[in-house]
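The values are calculated or read from the model by the stated rules, or taken from the named source; none is laboratory data. All values reported here derive from a predicted model rather than from experimental measurement. Virtual Cβ from ideal backbone geometry, glycine too; neighbours counted across all protein chains shown.
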Amino acid sequence: MRKMSLGDIQSKLAANRSNVDYAVNVFRGKTKDQGWTMNRMKPRDPDEIKALNYLARSQYRKALKDGTIIYDKERRVLTIAKYIRS
């Protein structure tokens, strides 16, 4: 199995982002009458689950470090900084 760093994955995503966004939007425009649904037909592979969990955790930790997400220990609540009312 080939190993990739998070930077390699992010650069590949950035290179293909516009094409993927367009394809996803076209797919979402399809209706059930046309035979399309948004449900997954097969379960995720365990390696895919690990990779997605790793990416989500790394984005979460980065957001905590940058201050875009604030964790209130007393109330045990996550708050997104840009949506806080002043």
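Cβ-Cβ distances below 7 Å connect the following pairs, each with a first residue in the range 6-19 that is within 17 Å of K62 (Cα to Cα), a second residue that is assigned to a helix (DSSP H, G or I), and a separation of six or more residues or different chains: L6/S58.
When you scan the range 54-72, do you find a residue that is farther than 29 Å from D8 by Cα and surrounded by 10 or more Cβ atoms within 10 Å (Cβ to Cβ), even just one? Full working, then the answer.
If we filter the range 54-72 for residues that are farther than 29 Å from D8 by Cα, which is where we start, we get 71-72.
Next cut, surrounded by 10 or more Cβ atoms within 10 Å (Cβ to Cβ) only: 71.
The answer is yes, given that some residue of the range 54-72 is farther than 29 Å from D8 by Cα and surrounded by 10 or more Cβ atoms within 10 Å (Cβ to Cβ).
Looking only at residues in the range 41-77 that are part of a helix (DSSP H, G or I) and aromatic (F, W, Y), the one that is modelled with the highest pLDDT is Y54. Considering the range 73-86, the residues that are surrounded by 10 or more Cβ atoms within 10 Å (Cβ to Cβ) and among the aliphatic types (A, V, I, L, M) include one that is farthest from A56 (Cα to Cα), namely A81.
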